[in-house]
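The structure appears below as structure tokens.
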Amino acid sequence: MRHPRWLARQSPQTGPETKGGCRHQSANFPSSKHGQPIETSTKLKGQDLLTLQNYTPDEIKYLLWVASDLKNRIKYKKENLPLLQGKSLALIFEKRSTRTRLSIETGFALLGGHPCFLTLQDIHLGINESISDTAWVLSTMTDAILARVYKHCDLITLAEEAAIPVINGLSDFDHPIQILADYLTLQEHYRSLNGLTLSWIGDGNNVLNSILLSAAKFGMNLHVATPKYGTKLLLTTNPLEAAKGANVLITDTWISMGQEEE
């Protein structure tokens, strides 16, 4: 049985702000007197962060805006910002990581929050107790969950059953917080991500998936070199080039309905 508070949650794909299954908002953020984008902040409040695929370009830009603002105020201006005072974050780490753990724990503590670190020795996700039971317990005692897991499907189940936001700290499919950190670094160096050419050289893994799901949202060009897996992937804007030598053609509308202006 799910926690009653679960009923008050809305997934990133549903809710009163949606239209056609996706959240929409203007490119120019409505700002408060402090310059904070109010509309985007309201829409993201309480949402899961499992993959950047479900986030619009403006929403990702807002996350980077917040990260940059907090970094500037805490690291350089030495401000004390207890924004997470009284809040606790459950950290589920099926896979070890020095940098992910330190960065998350330090960042949460700098904002006044209390990180609660859990390893496989402390918690048996889906083994001695069901993922649903784990989600229930954590939902009653903490305010959010960051999970670093082997299977993305376990992360999805955790998010579905939890009454609090769930953040993907890494799965076999995606690694959104790593890419957000990388994008923040690029943004600080180049000022804008639009038009940059990003080259990935390495395994076609979860990090590459995160890049593939988000790079185009910023207008970035992407070069990829991965080990041979016995198949070829061709991405092109030329239909004739795509059809050449094919055994089967599967077609769809060239521009999806309702997205003509995009």
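The values are calculated or read from the model by the stated rules, or taken from the named source; none is laboratory data. None of these values were measured; they are calculated from a predicted model. Glycine gets a Cβ as well: all are built from the backbone with ideal geometry, and neighbour counts include every protein chain shown.
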Out of all the residues in region 85-101, is one or more assigned to a loop (DSSP other than H, G, I, E, B) and touching a Gly at 6+ places or on another chain (Cβ under 6 Å)? yes
State all residues of region 174-204 that are of a type in the set (Phe, Trp, Tyr) and surrounded by fewer than 16 Cβ atoms within 10 Å (Cβ to Cβ); if no residue qualifies, say none. 190
When you scan region 70-79, do you find a residue that is in contact with a helix residue (DSSP H, G or I) (Cβ under 8 Å, 6 or more places away or on another chain), touching a residue at least 12 places away in the same chain (Cβ under 8 Å) and under 19 Å from residue 168 (Cβ atoms), even just one? no
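Scanning for something assigned to a helix (DSSP H, G or I), of a type in the set (A, V, I, L, M) and at pLDDT 95 or above, does region 227-245 turn up at least one residue? So that I can check it myself, show each step before the final result.
Keep residues of region 227-245 that are assigned to a helix (DSSP H, G or I), which gives 239-243.
From the residues that got through so far, the ones that are of a type in the set (A, V, I, L, M) too are 240, 242-243.
With at pLDDT 95 or above added as a condition, the list becomes none.
So far as region 227-245 goes, no, none of its residues is assigned to a helix (DSSP H, G or I), of a type in the set (A, V, I, L, M) and at pLDDT 95 or above.
Is it the case, given these coordinates, that residue 2 is modelled with pLDDT under 90, over 20 Å from the mean Cα position of the chain (by Cα) and surrounded by 15 or more Cβ atoms within 10 Å (Cβ to Cβ)?
Values: modelled with pLDDT under 90: yes; over 20 Å from the mean Cα position of the chain (by Cα): yes; surrounded by 15 or more Cβ atoms within 10 Å (Cβ to Cβ): yes.
So residue 2 fits the description; yes.
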Quick one: what pairs do we get from region 232-256, first residue in the same structural domain as residue 212 (by the TED database), second assigned to a loop (DSSP other than H, G, I, E, B), C-beta under 9 Å, 6+ apart or different chains? 239/251; 239/254; 241/234; 242/234; 242/235; 242/236; 242/249; 243/249
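If you scan region 220-231, which residues turn out to be touching a residue at least 24 places away in the same chain (Cβ under 8 Å) and not β-branched (Val, Ile, Thr)? Write out each step before concluding.
First, the residues of region 220-231 that are touching a residue at least 24 places away in the same chain (Cβ under 8 Å): 220-227, 229.
The answer is 220, 221, 222, 223, 225, 227, 229.
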Which residues, counting only those in region 151-173, are under 10 Å from the mean Cα position of the chain (by Cα) and surrounded by fewer than 22 Cβ atoms within 10 Å (Cβ to Cβ)? 167
Looking only at helices (runs of 4 or more DSSP H) that fall completely inside region 121-214, which ones have 3 or more residues that are without any contact (Cβ under 8 Å) to a residue 40 or more places away in the chain and closer than 24 Å to residue 62 by Cβ? 176-190, 206-212
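Restricting to region 36-60, give me the number of residues that are without any contact (Cβ under 8 Å) to a residue 40 or more places away in the chain, assigned to a helix (DSSP H, G or I) and not small (Gly, Ala, Ser).
Residues meeting the conditions: 8.
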